[in-house]
Amino acid sequence: MRDYLSKELKRWKPPKPPSLKISFDAALQSYTKKSCMGIVGRNSERTVLGLRMIINNHIPTPLATEALACLQVIQMGLDLGFRDVVIERDSLTIVKKLHAQNEDGSVISAYITNAKSLSEIYYRCNFKHVFLAADGCDCSRDRE
């Protein structure tokens, strides 16, 4: 039992106050071009302050699914009135594009440009890459 609890505690690390940590996951059903995502925002006490599920239609690729999901996460944080957030995702490609200073020229450039613009509304918005192990344990590494 103790080993299980220690793994559970490693799965999610709270943000430093006054930040809100927003984590999300998205999936694409390629033959219908529908994506579904779940978002959860928690404070430093692990209290859930926001929760949302979104279904999107006409999504062409898994990468577009990830980019749109990130944009919607940024919007959710703003909708809830938060101004200091850490956004976690396991898609290194999206996190790198959000940190890049140059203009994105890929097929998801509209999502990336909009996400960058929205993130500037925050007082502080950190994008963080999270490695997910096969057992579901996150092995976080900052990508700020």
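Evaluate segment 94-105: report whether one residue or more is buried (at least 16 other Cβ atoms within 10 Å of the Cβ), more than 22 Å from F131 (Cβ to Cβ) and modelled with pLDDT under 90. Before the answer, list the steps.
Quick first cut of segment 94-105, residues buried (at least 16 other Cβ atoms within 10 Å of the Cβ) only: 94-95, 97-98, 104.
Restricting the remaining residues to those that are more than 22 Å from F131 (Cβ to Cβ) gives 104.
If we keep only those that are modelled with pLDDT under 90 too, we end up with 104.
Scanning segment 94-105, I find at least one residue that is buried (at least 16 other Cβ atoms within 10 Å of the Cβ), more than 22 Å from F131 (Cβ to Cβ) and modelled with pLDDT under 90, so the answer is yes.
Restricting the search to segment 17-49, which residues are assigned to a loop (DSSP other than H, G, I, E, B) and open to solvent by 80 Å² or more (accessible area, probe 1.4 Å)?
Within segment 17-49, P17, P18, Y31, K33, E45, R46 meet the criteria.
State whether the residues of segment 50-59 include one that is open to solvent by less than 70 Å² (accessible area, probe 1.4 Å), modelled with pLDDT under 95 and within 17 Å of K21 (Cα to Cα).
Checked against the condition, which is being open to solvent by less than 70 Å² (accessible area, probe 1.4 Å), modelled with pLDDT under 95 and within 17 Å of K21 (Cα to Cα), segment 50-59 yields at least one hit.
Mind listing whichever residues of segment 107-124 are open to solvent by 30 Å² or more (accessible area, probe 1.4 Å) and either in contact (Cβ under 8 Å) with a residue 12 or more places away in the chain or not hydroxyl-bearing (S, T, Y) (or both)?
From segment 107-124, those open to solvent by 30 Å² or more (accessible area, probe 1.4 Å) are 107, 109-111, 113-114, 116-118, 120-121, 123-124; that's our starting set.
Answer for segment 107-124, where residues must be open to solvent by 30 Å² or more (accessible area, probe 1.4 Å) and either in contact (Cβ under 8 Å) with a residue 12 or more places away in the chain or not hydroxyl-bearing (S, T, Y) (or both): V107, A110, Y111, N114, K116, L118, E120, I121, Y123, R124.
Is there any pair linking a residue in segment 79-101 that is farther than 11 Å from K21 by Cα and of a type in the set (D, E) to one that is modelled with pLDDT under 85 and open to solvent by 50 Å² or more (accessible area, probe 1.4 Å), with Cβ under 8 Å and at least six apart or on different chains, and which?
Going by the 8 Å Cβ cut-off, the qualifying pairs are D90/F131; D90/L132.
Take K13 and tell me if it is modelled with pLDDT under 90 and surrounded by fewer than 14 Cβ atoms within 10 Å (Cβ to Cβ).
Against the criterion (modelled with pLDDT under 90 and surrounded by fewer than 14 Cβ atoms within 10 Å (Cβ to Cβ)), K13 does not qualify.
Which members of segment 104-134 meet the condition of being part of a helix (DSSP H, G or I), in contact with a Leu (Cβ under 8 Å, 6 or more places away or on another chain) and not β-branched (V, I, T)?
Listed by number, the residues that qualify are Y111, N114, A115, K116, L118, S119.
The values are calculated or read from the model by the stated rules, or taken from the named source; none is laboratory data. Keep in mind that this is a model prediction, so the values were computed, not measured. Backbone-built Cβ (ideal geometry, glycine too); neighbour counts: all protein chains shown. Side chains are part of the model used for accessible areas, which takes the heavy atoms of the whole protein and leaves out ligands, DNA and RNA. Shrake-Rupley method; radii C 1.70, N 1.55, O 1.52, S 1.80 Å.
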